[in-house]
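Shown next, in structure tokens, is the structure this report addresses.
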Amino acid sequence: MKLSIVTPAHNEEDCIGQTICDIITVLNKEGIEYEIIVVNDNSTDNTIGIVADLMKTHSVIKLINRQKPSGFGRAIKDGLNQVTGDVVGIVMGDLSDDPRDIVKCFRKIEEGYDCVFGSRFMKGSVVKDYPPLKLFINRLANTFIQVLFLTRANDITNAFKFYRTKVIRKIQPIQALYFNITVELPLKAIARKFKFVQIPINWYGRKSGVSKLSVKEMGRKYLFTVLYAWLEKLLLKDEIRDR
Ligand SMILES: Nc1nc2c(ncn2[C@@H]2O[C@H](COP(=O)(O)OP(=O)(O)OP(=O)(O)O)[C@@H](O)[C@H]2O)c(=O)[nH]1
Ligand SMILES: [Mg+2]
């Protein structure tokens with residue numbers, strides 16, 4: 001099975017090179033066939049230059065340079081459209097995710113799961129430097145989602161998740177244009193009863209660069225996306241799901 005990593009990047013010159021090199025080191029060691037699709041959105045720093053340099057020596061890297069309008073969701077969607085692997089994993093470009101967790105997720109898919117959801121809030125997870133206010137809002141939002149969807153998945157809002165490519169095909173059309181895509185993908189997969197597992201992952205707070213997520217701006221969009229997926233779940237309840 002081939003793995004496609006989709007990594008969005010906007011002004012990540014301090015982190016993107018290291019992110020890519022760490023992924024390459026870990027996946028080469030494991031002997032996994034893979035590609036890394038970096039989706040750049042109008043970066044005004046040297047993000048493109050760094051990725052382009054690495055591309056000279058690593059043919060596994062693909063670069064998508066998006067034009068405006070930008071947006072995390074738009075970038076992820078463009079990345080997903082270019083995937084050639086059987087499995088796709090979404091990994092941030094700011095060194096917040098642990099490349100060793102990529103291998104763990106991929107192995108779970110190999111075991112037969114359709115989706116693997118990374119959770120920072122399970123026994124075995126390590127979380128460093130999570131901003132306290134963001135953490136509070138995260139726990140509140142995820143508890144709400146858990147109650148609404150009656151699911152054990154407790155970190156739906158985190159992007160670090162892996163899907164069989166067929167799952168991505170079955171949850172089209174993807175609507176979210178911004179960070180709300182992080183909840184749309186897993187919730188739609190849950191609504192369609194794809195077989196998922198949650199595993200503990202590590203997460204490290206950003207050490208360099210600027211955060212692009214404003215919880216205040218995104219709150220309503222997240223809520224809308226969650227409720228939309230919940231409605232879908234209700235409507236799909238008695239239908240036979242065509243796989
Ligand atoms: N292509 C693209 N990438 C984006 C956009 N917004 C954010 N990203 C990338 O998405 C990833 C996550 O964004 P962050 O700014 O780290 O959001 P966050 O993790 O909630 O915030 P931090 O707590 O600061 O890490 C990073 O790799 C960003 O470079 C965008 O509009 N387009
Ligand atoms: Mg981040």
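The values are calculated or read from the model by the stated rules, or taken from the named source; none is laboratory data. Just so you know, these numbers come straight off a predicted model, no measurement behind them. Methodologically, a virtual Cβ is constructed for each residue, glycine included, from the backbone with ideal geometry; neighbour enumeration extends over all protein chains shown. Quick note on the areas: whole protein, heavy atoms, side chains included, nothing else; ligands and nucleic acids left out. Shrake-Rupley method; radii C 1.70, N 1.55, O 1.52, S 1.80 Å.
Quick notes
- Single residue of the stretch 169-183 satisfying the filter (out of contact with any Asp or Glu (no Cβ under 9 Å at 6 or more places or on another chain) and surrounded by fewer than 21 Cβ atoms within 10 Å (Cβ to Cβ)) that is nearest to residue 78 (Cα to Cα): 177
- Residue match in the stretch 195-203 (condition: open to solvent by 50 Å² or more (accessible area, probe 1.4 Å) and at pLDDT 95 or above): yes
- Selection within the stretch 13-24 - open to solvent by 10 Å² or more (accessible area, probe 1.4 Å) and assigned to a loop (DSSP other than H, G, I, E, B): 13, 14
- Residue that is farthest from ligand 1 (Cβ to nearest atom) [pool: residues in the stretch 176-206 that are assigned to a loop (DSSP other than H, G, I, E, B) and free of Cβ contacts under 8 Å to residues at least 60 places away in the same chain]: 193
- Residue 103 of a type in the set (Val, Ile, Thr) and within 16 Å of ligand 2 (Cβ to nearest atom): no
- Residue within the stretch 96-114 that is within 13 Å of ligand 1 (Cβ to nearest atom), within 22 Å of residue 214 (Cβ to Cβ) and not β-branched (Val, Ile, Thr) present: yes
- Among residues of the stretch 25-57, those that are more than 16 Å from ligand 1 (Cβ to nearest atom) and either surrounded by 19 or more Cβ atoms within 10 Å (Cβ to Cβ) or closer than 22 Å to residue 81 by Cα (or both), counted: 6
- Whenever a residue of the stretch 65-85 is closer than 20 Å to residue 50 by Cα, its partners that are among the basic types (Lys, Arg) and in a helix (DSSP H, G or I), lying with C-beta atoms within less than 8 angstrom and at least six residues away or across chains, give the pairs 66/74.
Here's the yes/no breakdown for (1) closer than 14 Å to residue 163 by Cβ; (2) in contact with a Leu (Cβ under 8 Å, 6 or more places away or on another chain):
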| position | (1), (2) |
| --- | --- |
| 75 | no, no |
| 78 | no, no |
| 82 | no, no |
| 85 | yes, yes |
| 92 | no, no |
| 99 | no, yes |
| 106 | yes, yes |
| 109 | yes, no |
| 114 | yes, no |
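- Residues in the stretch 207-216 that are under 16 Å from residue 178 (Cα atoms) and in contact (Cβ under 8 Å) with a residue 24 or more places away in the chain were compared, and the one that is most open to solvent (accessible area, probe 1.4 Å) is 212.
- Residues that are within 16 Å of ligand 2 (Cβ to nearest atom) and part of a helix (DSSP H, G or I) were ranked within the stretch 62-82; the one that is surrounded by the most Cβ atoms within 10 Å (Cβ to Cβ) is 76.
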